[in-house]
Amino acid sequence: MESGPAIFTGSVFALFGAALLAWTAVRSRHRRPVAAGVHRIPSVTLAVLAAAASLTLGTWCLARL
């Protein structure tokens, strides 16, 4: 019973992290802004850190099954 929410939560975090990482990579490769009104380097750094944290949290949730 308790594995259902863990699978859902881990999947959501993993999908969000992967999508954010892919979106950031595409935006930075085309030299487009990642966040409106923010310099490119800090916004890319923050987005990559958030994506890595989300992927790590998703992996942790799925590994605890």
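The values are calculated or read from the model by the stated rules, or taken from the named source; none is laboratory data. Since this is a predicted model, take the numbers as computed values, not measurements. Ideal geometry is used to build each Cβ from the backbone, glycine not excepted, and the neighbour counts take in all protein chains shown. Heavy atoms of the whole protein, side chains included, go into the accessibility calculation; ligands, DNA and RNA do not. Shrake-Rupley method; radii C 1.70, N 1.55, O 1.52, S 1.80 Å.
Mind checking which residues of the stretch 30-55 are closer than 27 Å to Ser11 by Cα and free of Cβ contacts under 8 Å to residues at least 12 places away in the same chain?
Residues satisfying the conditions are Ser43, Thr45, Leu46, Leu49.
Please work out which one of (1) charged (D, E, K, R); (2) part of a loop (DSSP other than H, G, I, E, B); (3) open to solvent by less than 70 Å² (accessible area, probe 1.4 Å) is the condition Arg32 fails and give its number.
(3)
Looking at Val38 and the list (1) open to solvent by less than 60 Å² (accessible area, probe 1.4 Å); (2) modelled with pLDDT under 95; (3) not polar (S, T, N, Q), which single condition is not satisfied?
With respect to (1) open to solvent by less than 60 Å² (accessible area, probe 1.4 Å); (2) modelled with pLDDT under 95; (3) not polar (S, T, N, Q), Val38 is out only on (1).
Look through Ser43, Ser54 and report the one residue that is surrounded by 17 or more Cβ atoms within 10 Å (Cβ to Cβ), in contact with a Gly (Cβ under 8 Å, 6 or more places away or on another chain) and assigned to a helix (DSSP H, G or I).
Sole residue among the options that is surrounded by 17 or more Cβ atoms within 10 Å (Cβ to Cβ), in contact with a Gly (Cβ under 8 Å, 6 or more places away or on another chain) and assigned to a helix (DSSP H, G or I): Ser54.
Given the criteria touching a Leu at 6+ places or on another chain (Cβ under 7 Å), modelled with pLDDT of 90 or more, open to solvent by 40 Å² or more (accessible area, probe 1.4 Å) and of a type outside the set (Lys, Arg), does Phe13 qualify?
yes
Filter the stretch 1-22 down to the residues that are of a type outside the set (A, V, I, L, M) and in contact (Cβ under 8 Å) with a residue 12 or more places away in the chain, then identify the one that is farthest from Ser54 (Cα to Cα).
Filtering the stretch 1-22 for residues that are of a type outside the set (A, V, I, L, M) and in contact (Cβ under 8 Å) with a residue 12 or more places away in the chain, the one farthest from Ser54 (Cα to Cα) comes out as Ser3.
Based on what the data block shows, is Thr59 open to solvent by 50 Å² or more (accessible area, probe 1.4 Å), part of a helix (DSSP H, G or I) and either in contact (Cβ under 8 Å) with a residue 24 or more places away in the chain or not polar (S, T, N, Q) (or both)?
In short, yes.
Name, by its number, the condition in (1) touching a residue at least 12 places away in the same chain (Cβ under 8 Å); (2) open to solvent by less than 60 Å² (accessible area, probe 1.4 Å) that does not hold for Ala25.
That leaves (1) as the condition not met.
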